[in-house]
Each structure stands twice: as C-alpha cells, then as structure tokens.
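The values are calculated or read from the model by the stated rules, or taken from the named source; none is laboratory data. From a predicted model like this one, the values you see are computed outputs, not experimental measurements. All Cβ positions, even for glycine, are placed from backbone atoms using ideal geometry, and neighbour counts span all protein chains on display. The accessibility values were calculated without ligands, DNA or RNA, using every heavy atom of the protein model including side chains. Shrake-Rupley method; radii C 1.70, N 1.55, O 1.52, S 1.80 Å.
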Amino acid sequence: MNLTTTDGRSVLRMERRLAHPPERVWPALTEPGRLATWFPSGATIEPRVGGKVVFGFGGDGVVTDLDPPRLIAFTWEADHLRFELRPDGDGSVLLLVHSFDDRAGAASFAAGWDTCFAVLDGTDPLDHRVLHERYVEELGLSEPTVAGTAEAWEVHVERQLVHPADEVRAVLDGEPWELLDGTGHGARVRLVRTGSGAAERDRAVRELPEAVTALVDRLAGAR
C-alpha cells in the first residue's frame, strides 16, 4: 500500500489477496446485488465505457475503463476508483487505485477499504479505529506541511480523527486548534503556526505533530 501525488491529486494504492479466482470475484465488482454486500454504497453500473454509475449514497459516476474480468474503473463524483484483478494460484489479487483530493482523509479511506475487502473475502474486519491510526502512520499523514521561506513561513498539520466533534471539543487544550468537518468517520483538526526564522520553523515542525499525537492520546484515554 502507498499514497502518492499525481497531478496534484492523492493516489492511494491497496492490494488484497482474495480466496477466489477473478472469474468468481468479478460479479462482486460489477453486479448491484453483489456490490451491496461489501461496497461502501449500493451501486448500479452500466457495463460499458461511458456507462452511468448510480450510487445509493448519492452522486453519480461514469465508467472510464472496462475489461472483464480483469479491470473496471469509474468515477464517484470527484473521486476515481480503479479495480484490477489478476490470478494468484487458486485465488486472485485485487488492486485498488483510489484518486481523490482530500489527502488528510486518506487513512479513513484506507481503513474503510480494508474493512470492505475483508467483507468481500469473507473474513472478519479489524476495528476501524485501530486500522485508521495504523494507516495514519504508514501513509505519513502525521507529517506537517511547510510553506514559505525561512523569513516568513507557515507550518500546519491537518489530522482526521475517529472521534465526533463533541468528544474532540471536550479535550482540546490551549493550542489554537481549528475544528473541521471530517470524512464522516469523525471530526478533523488543523493546527497552524506562522513565524520567521529557520530555528523557530524547525521547532514548529517538531512540536505540531507532537501536539496532535498528544490530542489523539487524550481522546483515546477519554473513552
């Protein structure tokens, strides 16, 4: 699994080995009744390039690639999902390439897909909160963003959480937190520091992730 950036968009790649060959998995990727058992939303897919995709959670999409039983790709509003199957012994490997704009939401997306793939494969999913925190670290989402120059800089960290806004608000400390809407799995916080001088900038780069980690620990302890 990895998270990269292409043309300004985040691209999440995830692989999962499945117990069944591509011919048996393919209907689960394309047929409404089968999709409803594991996909994040009910969906009806018109099976042709350019065909319409209608999602039960709202929003439409368009089929961009189709090569049964190997490849299907489609848009979901601003996101793009690409599913590729390849044989692997008596089973198969499913590769998902998910392109999106909300980089801070990547761990939630990854945890959600991990759960979906477990259901698809007939195995028990892991706890979503545990998965989310694991993927925050694996995908480097706790790293701060630095902009500007040593003379005038901004350092910020934006962190998706697995707790609702009221729980987060109850444990916020004196830092100037921004409490934002998240991906639907929880609230999001943003912490920004500005200033001048390389030494102070480097200090902010160290301290802001530490502040976010301390907040996450307080939330875990408050449950």
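Using the C-alpha gyration tensor of region 1-130, what are the square roots of 5 times its eigenvalues, in whole angstrom, with the largest one first?
20, 19, 15
Quote the accessible area belonging to H20 in square angstrom, nearest 10, computed with a 1.4 Å probe and with ligands, DNA and RNA left uncounted.
About 70 Å², ignoring ligands and nucleic acids.
Scale the Cα Rg of region 1-55 by the rule-of-thumb value 2.2 N^0.38 Å and send over the ratio, two decimals.
My calculation over the Cα atoms of region 1-55 gives 1.39.
Where the centre of each part is set by its Cα atoms, how far does region 83-105 sit from region 182-214, in angstrom?
31
Across every pair of different alpha-carbon atoms, what Kirkwood hydrodynamic radius in Å does region 169-222 reach?
Final number for the Kirkwood radius of region 169-222 is 12.4 Å.
Which value, in Å to one decimal place, does the Kirkwood hydrodynamic radius take for the chain when every pair of different Cα atoms is included?
Hydrodynamic radius (Kirkwood, Cα pairs) of the chain is 19.2 Å.
Go ahead and estimate [θ] at 222 nm for the chain from helices alone: -39,500 (n - 2.57) per DSSP H run with n ≥ 4, summed, over the residue count, rounded to 500.
-10000 deg cm²/dmol
Work through the residues other than V53 whose Cβ is under 9 Å from its Cβ and net out their charges, Lys, Arg +1 and Asp, Glu -1.
Result for the neighbourhood of V53: -1.
Hey, any idea what % of region 81-171's accessible area is carbon plus sulfur with a 1.4 Å probe?
51
Could you work out the relative contact order of the chain? I mean the mean sequence separation of Cα pairs under 8 Å and 6+ apart, divided by the number of residues, in percent.
15
So which helices of the chain fit the span-like rule, where a helix is a whole DSSP H run, its Cα atoms reach 20 Å or more along the axis, and its mean Kyte-Doolittle is at least 0.0?
Going by DSSP H runs, the hits are 106-121.
I want to verify the translational diffusion coefficient of region 137-181 in µm²/s; compute it with Stokes-Einstein, Rh as the Kirkwood radius over Cα pairs, at 4 °C and 1.567 mPa s.
102
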